[in-house]
Amino acid sequence: MRRSRRIHGPITWAALSCVVVTAAACGGGSSGSGSINVGGLVPLSGGGAVYGPDIQSALRIAVEEINGDAPMGRKLKLQIEDSQTDPDAATRATQKLINVNRSAAIMGVWSSAETLAIAPMAIQSGTVLTTAAGAGDVTDLDDENLVWRFYPPGKYTGAAIAQAVREQKWTSAVAMSRNDPSGLTIVKSFKDALQASGGRVVDSVTYPPNQSSYTGEVGRAIGKKADVIVNVGYTPELAAMMKDARNAPDKGTWLSVGWSVNQELFDAVGTAAAEGLYTVDAAPNVDGAAYANLRRAFQAKTGKELLASNTFAFYAYDSAIVVALAMAACECTKGAALTKAIAKVSTAPGKKVGGYAEGIAALKGGGDIDYQGAASDLEFDGKGDQRSDYGVYQVRNGKVELVKKFTLS
């Protein structure tokens with residue numbers, strides 16, 4: 001059973017900084033002075049590559065911001081590795097980040113399969129791991145409170161899709177899932193939530209990844225004539241399905257998860273084939289200071305607009321800010337003290353702060369803080385998971401537009 005992450009009762013940071021579970025627990029990622037090594041494990045190739053460059057940029061922007069007033073006066077040194085959206089490649093990259101680079105934290109991890117593959121190495125070495133993984137197995141890890149999920153778990157995403165379906169007045173659905181831990185978790189949650197509210201799942205289709213065509217699966221889904229076809233997978237699979245469906249007399253109404261609907265999809269199938277496609281994804285904290293700050297910095301650094309639909313970049317940014325604030329709070333870089341501090345700086349009570357500079361100033365003043373992130377308010381539960389607001393989006397004229405933002409009921 002996992003130990004609870006939530007902190008009860010008063011905490012003194014001096015006491016926390018003396019909790020030692022490894023030789024490096026209080027001191028540094030590589031030494032007791034100088035820079036602190038941290039890693040970014042980012043999908044720069046493979047199925048998640050459409051998001052990788054923005055995740056990488058968000059991490060670099062966060063580290064630059066942090067190094068303006070670094071924790072303990074020790075600047076962070078960020079090493080980026082390509083996960084290739086592949087568990088084996090992610091494992092090799094993690095070995096390098098831990099054993100060679102001696103990273104105090106590894107951030108930006110995108111998929112569930114990668115997370116589950118590398119978590120044992122992070123746990124064994126006492127390295128904090130932040131992830132956007134959705135699989136329920138991540139919650140169940142015996143992880144010594146080292147694995148932190150900055151994106152809502154699949155059980156919440158599935159329930160959010162069901163809520164969106166109900167609010168669109170759709171009463172019947174076909175559920176389609178990529179055969180991987182995240183997809184299966186999300187679809188199970190979706191089916192349970194929709195059926196509990198009186199909706200019907202008339203068929204459930206699990207498909208293998210990375211196929212060039214899904215003619216049989218698409219024909220089966222369309223043939224059920226449900227109000228909506230819900231797909232949980234990656235962009236390449238959705239692109240193949242949209243190609244298969246576009247010649248059907250009535251392809252039906254489709255809804256897919258947010259991370260599959262993007263420019264890569266439009267390039268693959270054309271905007272006409274994707275027109276009208278719905279999607280549900282976590283909605284960033286658009287009214288928060290951190291959200292505005294990251295978008296400004298992203299535009300200045302890259303010359304591009306950071307779209308609200310790329311939620312993973314916002315979560316990666318938040319993970320770096322939270323880890324750095326935690327290091328400053330506990331005056332440590334690894335171990336039990338750091339994991340406690342992560343919960344402390346990001347969870348109420350405490351002064352609400354909307355950025356690293358405001359947070360580090362408050363910590364230096366001796367106060368407690370509650371970081372309000374670019375992606376969400378980051379109120380972690382006892383298992384290191386957190387909820388987020390969600391949005392229903394739709395493809396309109398080649399753009400993913402927000403239809404409605406909602407809170408999971």
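Residues checked against (1) over 20 Å from the mean Cα position of the chain (by Cα); (2) closer than 23 Å to Asp389 by Cβ; (3) surrounded by 17 or more Cβ atoms within 10 Å (Cβ to Cβ); (4) of a type in the set (Asp, Glu):
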{"position": "Leu306", "(1), (2), (3), (4)": "no, yes, yes, no"}
{"position": "Thr311", "(1), (2), (3), (4)": "no, yes, yes, no"}
{"position": "Tyr315", "(1), (2), (3), (4)": "no, yes, yes, no"}
{"position": "Ala320", "(1), (2), (3), (4)": "no, yes, yes, no"}
{"position": "Leu338", "(1), (2), (3), (4)": "yes, no, yes, no"}
{"position": "Ser346", "(1), (2), (3), (4)": "no, yes, yes, no"}
{"position": "Lys351", "(1), (2), (3), (4)": "yes, yes, no, no"}
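Among the residues that make up the stretch 350-372, is at least one of them closer than 17 Å to Phe150 by Cα, of a type outside the set (A, V, I, L, M, F, W, C) and touching a Pro at 6+ places or on another chain (Cβ under 8 Å)? There is at least one residue in the stretch 350-372 that is closer than 17 Å to Phe150 by Cα, of a type outside the set (A, V, I, L, M, F, W, C) and touching a Pro at 6+ places or on another chain (Cβ under 8 Å). Of the residues making up the stretch 303-314, not a single one is farther than 27 Å from Val395 by Cβ and either among the polar types (S, T, N, Q) or in a helix (DSSP H, G or I) (or both). Summed over the stretch 157-180, the residues that are part of a helix (DSSP H, G or I) and buried (at least 20 other Cβ atoms within 10 Å of the Cβ) give a count of 9. Between Ala273, Ala239, Ala300, Ala292, the distinction of being in a helix (DSSP H, G or I), surrounded by fewer than 24 Cβ atoms within 10 Å (Cβ to Cβ), modelled with pLDDT of 95 or more and not assigned by the TED database to the domain that holds Thr127 belongs to Ala239 only. Filtering the stretch 131-161 to residues that are among the β-branched types (Val, Ile, Thr), in contact (Cβ under 8 Å) with a residue 24 or more places away in the chain and within 12 Å of Asp385 (Cβ to Cβ) leaves Val138, Thr139, Val147, Thr157. Taken over the stretch 378-390, the residue count meeting the criterion of being modelled with pLDDT under 90 and assigned to a strand (DSSP E or B) is 2.
Summed over the stretch 323-357, residues that are more than 18 Å from Arg74 (Cα to Cα) and free of Cβ contacts under 8 Å to residues at least 24 places away in the same chain total 5. Filtering Ala362, Ala374 for residues that are in a helix (DSSP H, G or I) and more than 15 Å from Val128 (Cβ to Cβ) leaves a single hit, Ala362.
The values are calculated or read from the model by the stated rules, or taken from the named source; none is laboratory data. From a predicted model like this one, the values you see are computed outputs, not experimental measurements. All Cβ positions, even for glycine, are placed from backbone atoms using ideal geometry, and neighbour counts span all protein chains on display.
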